[in-house]
Amino acid sequence: MMPTVQSLTTSDHAANPLDALERIVGDNDWAFDRRSEGEMAAEAPGKWCDYGLYFSWSREISAMHFTCAFDLKVPANHRTALYELLALANEKLWIGHFGMDSDDGMPLFRHSVLLRGARGASAESLEDMVDIAITECERFYPAFQFVLWGGKTPTDALAAAMLECVGEA
């Protein structure tokens, strides 16, 4: 028999983090759409492409799910190689993970935050969450390009994308 975890409080719901995220996104002058109390979409510019941000808040479980989608479609014949690249990239992450939307083959960075027992998420932690997602997408974007259009293996693409340049040309 599997043990169950008992809840100490039943009405301890965190404040809706989408309210703070709406201010953060607005302060950055990013286009956004607050679709409902539980959903918000935004678009953030990057060095390589624009990223589609999607935030989903569940009051019932005091959790927020966040995705940062690349403006990049993966043709079906390249998906196996890209899945391998995603697995290799995920080994290098501390927070969040990469995945791919199975319907349209769009690479995504995903992260979820549990806030049960907290008053809510701080603006700083939400800013960090979005910043980490965009930073990781920017860091790995060249590897996606190398696999999709450069004919590199996932291992070679990741190695080439992870080169740290020193100095100036």
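Just so it is clear, none of the values below were taken in a lab; they were calculated from the coordinates. Keep in mind that this is a model prediction, so the values were computed, not measured. For neighbour counting, all protein chains shown are included, and Cβ atoms are generated from backbone atoms with ideal geometry for every residue, glycine included.
Using the beta-carbon distance between E22 and L114 and R0 = 22 Å, what value does 1/(1 + (r/R0)^6) give for FRET efficiency, to the nearest 0.05? Efficiency computed from Cβ-Cβ geometry: 0.60. The translational diffusion coefficient of the chain, from Stokes-Einstein at 4 °C and 1.567 mPa s with a Kirkwood hydrodynamic radius over alpha carbon pairs, comes to 74 µm²/s. Rounded, prolate or oblate, given the Cα gyration tensor of region 10-76, with a/c below 1.5 counting as rounded? Oblate shape, in that a/c is at least 1.5 and b/c is the bigger or equal ratio. May I ask for the angle, rounded to the nearest 10°, between helix 123-148 and the longest principal axis of the chain, with both axes built from Cα atoms and the value confined to 0 to 90°? Taking the Cα atoms of the chain, the angle to 123-148 is about 30 degrees.
If R0 is taken as 25 Å, the Cβ-Cβ distance between A31 and A123 corresponds to a FRET efficiency of 0.80. For D50, the residues 5 or more places off, or on other chains, whose built amide H falls under 5 Å of its own are D71.
Applying 1/(1 + (r/R0)^6) with R0 = 25 Å to the Cβ-Cβ distance of W94 and C49 gives a FRET efficiency near 0.60.
Under Stokes-Einstein, with the Kirkwood radius over Cα pairs as Rh, the value for region 42-83 at 20 °C and 1.002 mPa s is 172 µm²/s. For region 63-78, the Karplus equation 6.51 cos²θ - 1.76 cosθ + 1.60, evaluated at θ = phi - 60°, returns couplings of 9, 10, 9, 9, 10, 10, 9, 6, 8, 7, 9, 9, x, 3, 6, 10 Hz by residue, with Gly and Pro reported as x.
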